[in-house]
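A quick write-up on the structure given underneath.
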Amino acid sequence: MNASTSVPAPPVQSQSPADRTRLWAAVVAFLFVPAAVATGILTLTSDHASRCITYGEQCTPGLPNWLFERGVGVGAVVLLIALAAPALRVRQVALVTQILAEGTALLDRYQSRVSCQ
């Protein structure tokens, strides 16, 4: 009988879950536009805003506009990072930053008041 030498089995690589950070970054960016329109409509239909538009009463400036603009700007930059970065950890951090920046921009739109002069 011939004794054969045992060949070691190749190492088993665990299958990592599919990386969907790029997909989620695109979905979040796509849903930001209708969410911004919806928050604008909700703001304009509030009692406070309607009283300001109709009677010129209780008009307050609300949050500054630069908060919305910078939230959108940061969201756009980190969207590009989330789509283009080669490292998974960088894409994950960019996705979280994008969600927070767009959420801040939406809260600014929702909290903003119509200023009547």
Does segment 71-78 contain any residue that is out of contact with any helix residue (DSSP H, G or I) (no Cβ under 7 Å at 6 or more places or on another chain) and aliphatic (A, V, I, L, M)? yes
How many residues, within segment 27-58, are touching a helix residue (DSSP H, G or I) at 6+ places or on another chain (Cβ under 7 Å) and open to solvent by 40 Å² or more (accessible area, probe 1.4 Å)? 3
Residue match in segment 3-20 (condition: part of a helix (DSSP H, G or I) and either modelled with pLDDT of 85 or more or open to solvent by less than 50 Å² (accessible area, probe 1.4 Å) (or both)): no
Return the total of residues in segment 77-102 being free of Cβ contacts under 8 Å to residues at least 12 places away in the same chain and not charged (D, E, K, R). 10
For segment 59-81, what are the residues that are in contact with a Ser or Thr (Cβ under 6 Å, 6 or more places away or on another chain) and either surrounded by fewer than 13 Cβ atoms within 10 Å (Cβ to Cβ) or under 30 Å from residue 21 (Cβ atoms) (or both)? 61, 63, 71, 78
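The values are calculated or read from the model by the stated rules, or taken from the named source; none is laboratory data. Nothing here was measured: the structure is a model prediction, and the numbers come from that model. Heads up, the Cβs are rebuilt from the backbone with ideal geometry, glycines too, and the neighbour counts pull from every protein chain shown. For accessibility, only protein heavy atoms count, side chains too; no ligands or nucleic acids. Shrake-Rupley method; radii C 1.70, N 1.55, O 1.52, S 1.80 Å.
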